[in-house]
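Q: Sharing a structure, written as structure tokens. Questions coming.
The values are calculated or read from the model by the stated rules, or taken from the named source; none is laboratory data. Remember, it's a predicted structure, so these values are computed and weren't measured experimentally. Note: ideal-geometry Cβ built from the backbone for every residue, glycine included; neighbour counts use all protein chains shown.
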Amino acid sequence: MTEKSKKDEKQKTLNIQDATICEATAQMLRKAERDGVETAFHRAADMKACPIGADSACCKNCTMGPCRLNPRDPYAKTGVCGATADTIQARNFARMVASGAAAHTDHGMSMLDLFREVVSGKIKEYAIKDPIKLADLAVELDIEVEGRELKDIALDVYRELERTYVQVDGEIPFVKRVPEKTLETWRKHGVVPRGAMREIMEIMHRTHMGVDQDYENITRQCTRTALADGWGGSMIATEVSDILFGTPTPVKADVDMGCLKKNEVNIIIHGHEPNLFESMLASVDDPGLIQAAKDAGAEGINLVGMCCSGAEMLSRHGIPHAGNFMSTETVLVTGAVDAMGVDVQCIKQGLAKVAECYGTRLFTTNPRCRIEGVTHIEFHEHAPRECTDAIVENAIVRFRNRRLPVEIPNIRTAGIHGFSHEYINYMLGGTFRGSYTPLNDNIINGRIRGVAGVVGCTNPRVKQDWVHVELVKELIKNDVLVVQTGCSQISLAKAGLYKPEAAHLAGDGLREVCETVGMPPVLGLGSCVDNSRILTACAEMVRVGGLGESIADLPVAGAAPEYMSEKAISIGHYFVASGVYTVFGVTFPIMEGTKFYRHLFEELEELGFGKWGFAKDPYEMARLMIAHIDKKRKALGIDKARERVLMDMADRQRLEAA
Ligand code: BF8
């Protein structure tokens, strides 16, 4: 036996049944194995996660190390410089927050740049689609609107929002949206963000060798940076994208790989920035390009989304969605994808190899994200169609030259998506009295026990979609209304929970509310930056009244059960900092039992923030979240109301049965 075959033999085989509950992905994994193609699922099976790194027990911030601690005995040693386990973990954690926050805020800044160029008339290919939202936002930011031109209002909005990034001192503009008592807590602890650039710069400085060596002080800067993401960069990305491209309202759309069409030119856009996708939408509607596709023998051009920009377009325009993060390689295994255009974030380098195997034309489009060996067609907002038309033309050529057999899993599920904060307001309160009052009332009377945000990635270290689906089912069964974003939204959509009929899976109280309003028990809010919609909704619940004075008082909880990215850590920390109990799955990148662990999991709550939680098992995760919601109900004195309403319902059911 040669050395190579010995090594091959040692390679762990992937157990597809344990890898995913997504049937389409499983079918494509089987095909990939028949075709001899490797995916991230296979690499994860073959590569054990580094246990030292997983526990954040190492420090490579200088070349006296890298230093390695023993996660089972974290205080037995320090790093060469004397850094303790708590300093090392807090610094590593802070750098994850900085990187995640940088991704969201850089995305938000791109959207704001585009907004400036559009309103100043330098870019004509995009326009303001939601002037009402723009005017509402201006009023919220104390900008005069009466008797003024929309362009002047918009430029003032731009100048005000720009502070979110570049301001060196003071508070970011969206603190105006934060409930007074929550803001008081932030001010008391000195964590109100100044500008995102300053906060991220300061984290990188503080975590440099020999600077901040007090885990509580490092956590404070983590908090300030994460808040600059949630109430800053991410919130701007959401608000400005709505203004430019339209605020989502409920729309029926299909998800899963069955959205691909054998006889059409299939194009996938995967990434995070909606400007690329919006331009592609125009390209695939171009009569000349449609004719070119027909001349190549296709019945038309089929545009499909993936990951977050896909979730955003699903919510905003009802564009079909082929799958979440762990399906981005396997979708290429269908052989049906003629071109895939990617921009930034969550783009696996492994896509290049899989695309090559199946002849899919893969294109990077953003100067921030190039992949070795992949063709780059730069996307310019001043001439966006140059890039997207070129991708379509390449897709048509690939369609004409399709050689390999195409196998598209015959699986697609319809659902209702597009529940923006504004629409929830309207849906519950009606056109003339749009309000969260009915939501608060239903929480107070106990029909709805609380609200949970279930968000985030999929990760090959756990069975794809399974933790998301089981957790959400458990929550709604217990009358917890679930709001979602990102890849988690797609997991549940594939499982059929975005149909209003899924209300039958909810507990009696939640089911009654869903049936009255005609909504599914799970509401999809869009992409990961749209987690800011959840923050806005929480602030509105506090403002409407009856559920306490700060976000920390609300009977709400959050979870990212299959997360994998640093962005997720930043999101988790801004929810914690805002007052929300936030439970993560898969693994938590610090050592249990350390002072830093206790700080994140207990002490932050004692200081008036939320706190972190961790559980791998979805039922345990649900139990923790529900227990927290019940704790908050009790503190608000509304725990008895729920018992009464459930007794009423039981009586009613008994009467109906008699
Ligand atoms: O921002 S949920 S895998 S696609 S990181 Fe990535 Fe995670 Fe998906 Fe979007 Ni969010």
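Q: So if I check each of T78, T39, which one is more than 30 Å from T334 (Cβ to Cβ), of a type in the set (S, T, N, Q) and at pLDDT 95 or above?
A: T78
Q: Show the residue pairs that are 6+ apart or on different chains and have beta-carbon atoms under 6 Å apart, the first residue being within the stretch 501-527 and under 18 Å from T437 (Cβ atoms), the second being in a loop (DSSP other than H, G, I, E, B) and aromatic (F, W, Y).
A: Going by the 6 Å Cβ cut-off, the qualifying pairs are L523/F419.
Q: Might you let me know whether the stretch 405-423 holds any residue that is out of contact with any His (no Cβ under 6 Å at 6 or more places or on another chain), modelled with pLDDT under 95 and among the polar types (S, T, N, Q)?
A: Scanning the stretch 405-423 turns up at least one residue that is out of contact with any His (no Cβ under 6 Å at 6 or more places or on another chain), modelled with pLDDT under 95 and among the polar types (S, T, N, Q).
Q: Now for a separate question. Quickly run through the stretch 235-249 and pick out the residues that are over 22 Å from K124 (Cα atoms) and crowded, with 21+ Cβ neighbours inside 10 Å.
A: Of everything in the stretch 235-249, those that are over 22 Å from K124 (Cα atoms) and crowded, with 21+ Cβ neighbours inside 10 Å turn out to be M235, P248.
Q: Let me ask you something else. Quick one: R385 ticks every box in (1) under 28 Å from K122 (Cα atoms); (2) touching a residue at least 60 places away in the same chain (Cβ under 8 Å); (3) surrounded by 21 or more Cβ atoms within 10 Å (Cβ to Cβ) except a single one, so which number is it?
A: With respect to (1) under 28 Å from K122 (Cα atoms); (2) touching a residue at least 60 places away in the same chain (Cβ under 8 Å); (3) surrounded by 21 or more Cβ atoms within 10 Å (Cβ to Cβ), R385 is out only on (3).
Q: Test T87 against the stated conditions and say whether it is over 30 Å from E273 (Cβ atoms) and without any contact (Cβ under 8 Å) to a residue 12 or more places away in the chain.
A: no
This table checks each residue for (1) surrounded by fewer than 22 Cβ atoms within 10 Å (Cβ to Cβ); (2) farther than 30 Å from L155 by Cβ; (3) away from the ligand (no atom under 16 Å from the Cβ); (4) touching a residue at least 24 places away in the same chain (Cβ under 8 Å).
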| site | (1), (2), (3), (4) |
| --- | --- |
| C81 | yes, yes, yes, yes |
| R95 | yes, yes, yes, yes |
| A98 | no, yes, no, yes |
| H107 | no, no, no, yes |
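Q: May I ask you to say which residue of A102, A90, A32, A57 is crowded, with 16+ Cβ neighbours inside 10 Å and under 22 Å from the mean Cα position of the chain (by Cα)?
A: After applying the criteria, what remains is A102.
Q: Is it true that D254 is surrounded by fewer than 22 Cβ atoms within 10 Å (Cβ to Cβ) and of a type in the set (D, E)?
A: When the stated conditions are applied, D254 passes them.
Q: Please find, among G297, G335, G323, the residue that is out of contact with any Pro (no Cβ under 7 Å at 6 or more places or on another chain), surrounded by fewer than 24 Cβ atoms within 10 Å (Cβ to Cβ), outside any helix (DSSP H, G or I) and at pLDDT 95 or above.
A: Testing whether each residue is out of contact with any Pro (no Cβ under 7 Å at 6 or more places or on another chain), surrounded by fewer than 24 Cβ atoms within 10 Å (Cβ to Cβ), outside any helix (DSSP H, G or I) and at pLDDT 95 or above leaves just G297.
Q: Looking at the stretch 320-364, which of the residues that are more than 14 Å from the ligand (Cβ to nearest atom) and acidic (D, E) is nearest to S532 (Cα to Cα)?
A: Once the filter is applied, the top-ranked residue is D338.
Q: Go through the stretch 572-589 and report how many residues are part of a loop (DSSP other than H, G, I, E, B), buried (at least 24 other Cβ atoms within 10 Å of the Cβ) and in contact with a Ser or Thr (Cβ under 7 Å, 6 or more places away or on another chain).
A: 1
Q: Let me ask something else about it. Looking at the structure I just gave you, is I569 within 16 Å of the ligand (Cβ to nearest atom), within 23 Å of the chain's Cα centre (by Cα), among the aliphatic types (A, V, I, L, M) and surrounded by 22 or more Cβ atoms within 10 Å (Cβ to Cβ)?
A: Judged against the criteria, I569 is a match.
Q: What are the residues in the stretch 383-423 that are of a type in the set (A, V, I, L, M), in contact with a helix residue (DSSP H, G or I) (Cβ under 7 Å, 6 or more places away or on another chain) and in a loop (DSSP other than H, G, I, E, B), if any?
A: L404, I408, I411
Q: Looking only at the stretch 67-77, which residues are of a type outside the set (D, E, K, R) and surrounded by fewer than 16 Cβ atoms within 10 Å (Cβ to Cβ)?
A: N70, Y75, A76
Q: Given the structure, is V139 modelled with pLDDT of 95 or more, more than 16 Å from the ligand (Cβ to nearest atom) and assigned to a helix (DSSP H, G or I)?
A: Yes.
Q: Go through (1) over 19 Å from H107 (Cα atoms); (2) within 16 Å of the ligand (Cβ to nearest atom); (3) touching a Gly at 6+ places or on another chain (Cβ under 6 Å) for G524 and report which single condition fails.
A: Every listed condition holds for G524 apart from (3).
Q: Kindly check whether there is at least one residue in the stretch 449-462 that is more than 15 Å from the ligand (Cβ to nearest atom), in contact with an Asp or Glu (Cβ under 9 Å, 6 or more places away or on another chain) and at pLDDT 95 or above.
A: Checked the stretch 449-462: at least one residue is more than 15 Å from the ligand (Cβ to nearest atom), in contact with an Asp or Glu (Cβ under 9 Å, 6 or more places away or on another chain) and at pLDDT 95 or above.
Q: For the stretch 214-230, does any single residue satisfy the condition of being on the phi < 0 side of the Ramachandran plot and not in a helix (DSSP H, G or I)?
A: yes
Q: Could you give me the residue pairs with C-beta distances under 6 Å whose first residue belongs to the stretch 283-307 and is under 17 Å from K262 (Cβ atoms), whose second residue is away from the ligand (no atom under 16 Å from the Cβ) and of a type in the set (D, E, K, R) wherever it lies, and which are 6+ apart or on separate chains?
A: A296/R400; A298/E264; E299/E264; G300/E264; N302/K261; N302/E264
Q: Looking at the stretch 463-489 only, could you name the residues that are more than 20 Å from A557 (Cα to Cα) and within 13 Å of the ligand (Cβ to nearest atom)?
A: Q464
Q: Considering only residues that are farther than 16 Å from V455 by Cβ and not small (G, A, S), look in the stretch 572-594 and name the one that is farthest from the ligand (Cβ to nearest atom).
A: Filtering first and then ranking leaves T594.
Q: Among the residues of the stretch 276-319, write down those that are of a type outside the set (G, A, S), within 16 Å of the ligand (Cβ to nearest atom) and out of contact with any Cys (no Cβ under 8 Å at 6 or more places or on another chain).
A: Of everything in the stretch 276-319, those that are of a type outside the set (G, A, S), within 16 Å of the ligand (Cβ to nearest atom) and out of contact with any Cys (no Cβ under 8 Å at 6 or more places or on another chain) turn out to be F277, M306, E312, M313, L314, R316, I319.
Q: Please specify each residue of the stretch 530-566 satisfying the condition of being within 11 Å of the chain's Cα centre (by Cα), within 12 Å of the ligand (Cβ to nearest atom) and either assigned to a helix (DSSP H, G or I) or of a type in the set (D, E, K, R) (or both).
A: D530, N531
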